[in-house]
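S.K.: Here you go, one structure.
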Amino acid sequence: MGKLYDSCQYLIQAIEQRGLDPFKSRGAIALETGFLISAIGPSDPDDPERLRTLSEASQRLFGITIPV
């Protein structure tokens, strides 16, 4: 466990570092993935489908590659 959480945290930091609007960016990710990245906690189970959709959405929307 923790890979989904780490990926969400990585994306949150990448959004901040790029100076993107955090609300619009997180909202766009939520619409694409079906979950809020800020609601994922360290104890949430690693769901391969969520990891896949998060990775694809971050690449498609922002050009951000999440390390796997």
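No value in this document is a laboratory result; all are computed from the given coordinates. None of these values were measured; they are calculated from a predicted model. For neighbour counting, all protein chains shown are included, and Cβ atoms are generated from backbone atoms with ideal geometry for every residue, glycine included.
S.K.: Please specify each residue of region 43-61 satisfying the condition of being in contact (Cβ under 8 Å) with a residue 24 or more places away in the chain and more than 10 Å from the chain's Cα centre (by Cα).
M.R.: Ser43, Asp44, Pro45, Asp46, Asp47, Arg60, Leu61 - these are the residues of region 43-61 that are in contact (Cβ under 8 Å) with a residue 24 or more places away in the chain and more than 10 Å from the chain's Cα centre (by Cα).
S.K.: In addition: Among the residues of region 25-33, are any among the aliphatic types (A, V, I, L, M) and in contact with a Ser or Thr (Cβ under 8 Å, 6 or more places away or on another chain)? Walk me through how you get there before you give the answer.
M.R.: Initial filter on region 25-33 (among the aliphatic types (A, V, I, L, M)): 28-31.
Those still in the list that are in contact with a Ser or Thr (Cβ under 8 Å, 6 or more places away or on another chain) too: 29.
Scanning region 25-33 turns up at least one residue that is among the aliphatic types (A, V, I, L, M) and in contact with a Ser or Thr (Cβ under 8 Å, 6 or more places away or on another chain).
S.K.: Within region 52-68, track down each residue that is touching a helix residue (DSSP H, G or I) at 6+ places or on another chain (Cβ under 6 Å) and either hydrophobic (A, V, I, L, M, F, W, C) or within 13 Å of Ile12 (Cβ to Cβ) (or both).
M.R.: Within region 52-68, Leu54, Ala57, Ser58, Leu61, Ile64, Ile66 qualify.
S.K.: From the list Ser7, Ser38, Ser55, Ser43, exactly one residue is farther than 16 Å from Val68 by Cα and either in contact with a Leu (Cβ under 6 Å, 6 or more places away or on another chain) or surrounded by 13 or more Cβ atoms within 10 Å (Cβ to Cβ) (or both). Which is it?
M.R.: Numbers: Ser7 fails: farther than 16 Å from Val68 by Cα; Ser55 fails: farther than 16 Å from Val68 by Cα; Ser43 fails: either in contact with a Leu (Cβ under 6 Å, 6 or more places away or on another chain) or surrounded by 13 or more Cβ atoms within 10 Å (Cβ to Cβ) (or both).
Of Ser7, Ser38, Ser55, Ser43, the one residue that is farther than 16 Å from Val68 by Cα and either in contact with a Leu (Cβ under 6 Å, 6 or more places away or on another chain) or surrounded by 13 or more Cβ atoms within 10 Å (Cβ to Cβ) (or both) is Ser38.
S.K.: Within region 10-35, restricting attention to residues that are touching a Leu at 6+ places or on another chain (Cβ under 9 Å) and in contact (Cβ under 8 Å) with a residue 24 or more places away in the chain, which residue is surrounded by the most Cβ atoms within 10 Å (Cβ to Cβ)?
M.R.: Here the answer is Ile29.
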